[in-house]
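What follows is one structure encoded as structure tokens, with my remarks underneath.
The values are calculated or read from the model by the stated rules, or taken from the named source; none is laboratory data. Predicted model, so just to flag it, every value in this text is computed and none were measured. Here the Cβ is made from the backbone with ideal geometry for all residues, glycine too, and neighbour counts use every protein chain on show. When the accessible area is computed, the model is the full protein with side chains, heavy atoms only, and any ligands, DNA or RNA have been set aside. Shrake-Rupley method; radii C 1.70, N 1.55, O 1.52, S 1.80 Å.
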Amino acid sequence: MAGSESDALFETLLESAKRLSFDSRSPLVSRLEPGDDERHGMTPQWSPLFGTPLWDGMSEVERVRLTRSEVAQFLGIGIWLEVGLQVALLRASHSADPGRPDVKFLLNECADENLHSLMFANAVESIGSHFYPRDRMLDFFGWLFRHIAWDEVAYGIVLAGEEIFDVMQRDWMDSDDVAAPIRRSAYIHVVEESRHMAFARRKIRDRLVGRSRFRRFVSTVIIAAGMHLIARSLINRRVYEDLGFDWDVVKANIDGNEHHRMMFRRAAEAFVEFLSREGLLNSGARWIYRKSNLL
């Protein structure tokens, strides 16, 4: 019964993809609008420095420049995560029956993810920003993720990133303070990613059926550790040093910023609730999520 229910969901998601998908390669998506030079890269409230003494001392021009660099970092991590997702899941499904509903949807999802990555790259370029090198630890984790992550771990870490970006981008797409290419990209991503999140939740539930308590424990901790690295990677000292800030001053402001912690907890709320329902939230994972400002 569970298998037939899952197959029905995957077929429904495929039908949704046929009805509601976008051409994110269109030049119209990354086209600037009048006034975009004065608009932020993302809603200012999502800047880790928002509300700090350092933020309060900036001019509006400096804040716009800051959020444009920060959104490039956020979207760069999003691209990294989406590429890692494809490698891990396609590798695991390489020999699977391509006629299975879940495999067919996975192929559709990977097509979406590639176009999302291209869309984000174009949007960042259009607002005059650029991507920043990642920390080596994150790249090492990415290598492990691509090569050894098993089913519920792969889907769990990917779902975590998707849930957090979904909450952020729902704010970005509705804000007149945000440059048009970012607003349009956020809207497309939110609409198409909703199918991906439903797919990931169902796959996690299916993979947990009959799993031992030990496997659940290990998967729970690894998902939390992966989410910790992703959350931490959104703040990159290279962004701030590139803009001429003293990193020690920036770090002190971010570390003391309760608003920043509140926004990240809000972003992770739906994901944490899902983990709790599925038995993937133990005391060790809770400790890690608190360290990540996600709980």
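Please tell me if residue 151 is acidic (Asp, Glu) and free of Cβ contacts under 8 Å to residues at least 12 places away in the same chain. So that I can check it myself, show each step before the final result.
Values: acidic (Asp, Glu): yes; free of Cβ contacts under 8 Å to residues at least 12 places away in the same chain: no.
It is false that residue 151 is acidic (Asp, Glu) and free of Cβ contacts under 8 Å to residues at least 12 places away in the same chain.
Screening residue 50 on (1) assigned to a helix (DSSP H, G or I); (2) within 23 Å of residue 160 (Cβ to Cβ) shows it passes everything except condition (1). Of 126, 93, all but one fail to be touching a helix residue (DSSP H, G or I) at 6+ places or on another chain (Cβ under 7 Å), modelled with pLDDT under 95 and surrounded by fewer than 21 Cβ atoms within 10 Å (Cβ to Cβ); the exception is 93. Selection of first residues in the stretch 226-241 that are in contact (Cβ under 8 Å) with a residue 12 or more places away in the chain and under 11 Å from residue 132 (Cβ atoms) and of second residues that are polar (S, T, N, Q) and part of a helix (DSSP H, G or I), restricted to Cβ pairs under 6 Å at least 6 apart or on distinct chains, gives the following pairs, ordered by first then second residue: 236/73; 239/69; 239/73. I'd like to know if the stretch 268-278 contains one or more residues that are over 20 Å from the mean Cα position of the chain (by Cα) and either touching a residue at least 12 places away in the same chain (Cβ under 8 Å) or buried (at least 19 other Cβ atoms within 10 Å of the Cβ) (or both). Checked the stretch 268-278: at least one residue is over 20 Å from the mean Cα position of the chain (by Cα) and either touching a residue at least 12 places away in the same chain (Cβ under 8 Å) or buried (at least 19 other Cβ atoms within 10 Å of the Cβ) (or both). Among all positions in the stretch 182-199, there is no residue which is in a helix (DSSP H, G or I), over 17 Å from the mean Cα position of the chain (by Cα) and under 16 Å from residue 273 (Cα atoms).
For beta carbons closer than 8 Å, sequence separation of 6+ or different chains, a first residue in the stretch 37-62 that is within 19 Å of residue 185 (Cα to Cα) and open to solvent by 50 Å² or more (accessible area, probe 1.4 Å) and a second that is β-branched (Val, Ile, Thr) and part of a helix (DSSP H, G or I), the qualifying pairs are 38/64; 39/64. Among the candidates 107, 115, the residue that is without any contact (Cβ under 8 Å) to a residue 12 or more places away in the chain, part of a helix (DSSP H, G or I), farther than 28 Å from residue 218 by Cα and open to solvent by 10 Å² or more (accessible area, probe 1.4 Å) is uniquely 107. For the stretch 200-215, give me each residue that is part of a helix (DSSP H, G or I), of a type outside the set (Lys, Arg) and open to solvent by 30 Å² or more (accessible area, probe 1.4 Å). Answer for the stretch 200-215, where residues must be part of a helix (DSSP H, G or I), of a type outside the set (Lys, Arg) and open to solvent by 30 Å² or more (accessible area, probe 1.4 Å): 206, 214.
Quick check on residue 121: is it surrounded by fewer than 23 Cβ atoms within 10 Å (Cβ to Cβ), modelled with pLDDT of 95 or more, among the aliphatic types (A, V, I, L, M) and under 15 Å from the mean Cα position of the chain (by Cα)? So residue 121 fits the description; yes. Taking the conditions (1) of a type in the set (Asp, Glu); (2) outside any helix (DSSP H, G or I); (3) open to solvent by 80 Å² or more (accessible area, probe 1.4 Å) in turn, residue 33 satisfies each one other than (3). Does the stretch 76-85 contain any residue that is open to solvent by 30 Å² or more (accessible area, probe 1.4 Å), free of Cβ contacts under 8 Å to residues at least 60 places away in the same chain and over 30 Å from residue 261 (Cβ atoms)? Scanning the stretch 76-85, I find no residue that is open to solvent by 30 Å² or more (accessible area, probe 1.4 Å), free of Cβ contacts under 8 Å to residues at least 60 places away in the same chain and over 30 Å from residue 261 (Cβ atoms), so the answer is no. Apart from one condition, residue 97 fits all of (1) in a helix (DSSP H, G or I); (2) more than 21 Å from residue 162 (Cα to Cα); the exception is (1). Criterion first (assigned to a helix (DSSP H, G or I), open to solvent by less than 30 Å² (accessible area, probe 1.4 Å), aliphatic (A, V, I, L, M) and under 23 Å from residue 158 (Cα atoms)) does residue 88 satisfy it? Considered against the rule, which asks whether it is assigned to a helix (DSSP H, G or I), open to solvent by less than 30 Å² (accessible area, probe 1.4 Å), aliphatic (A, V, I, L, M) and under 23 Å from residue 158 (Cα atoms), residue 88 comes out as yes. Only residues that are of a type outside the set (D, E, K, R) and surrounded by fewer than 22 Cβ atoms within 10 Å (Cβ to Cβ) were counted in the stretch 162-187, giving 5.
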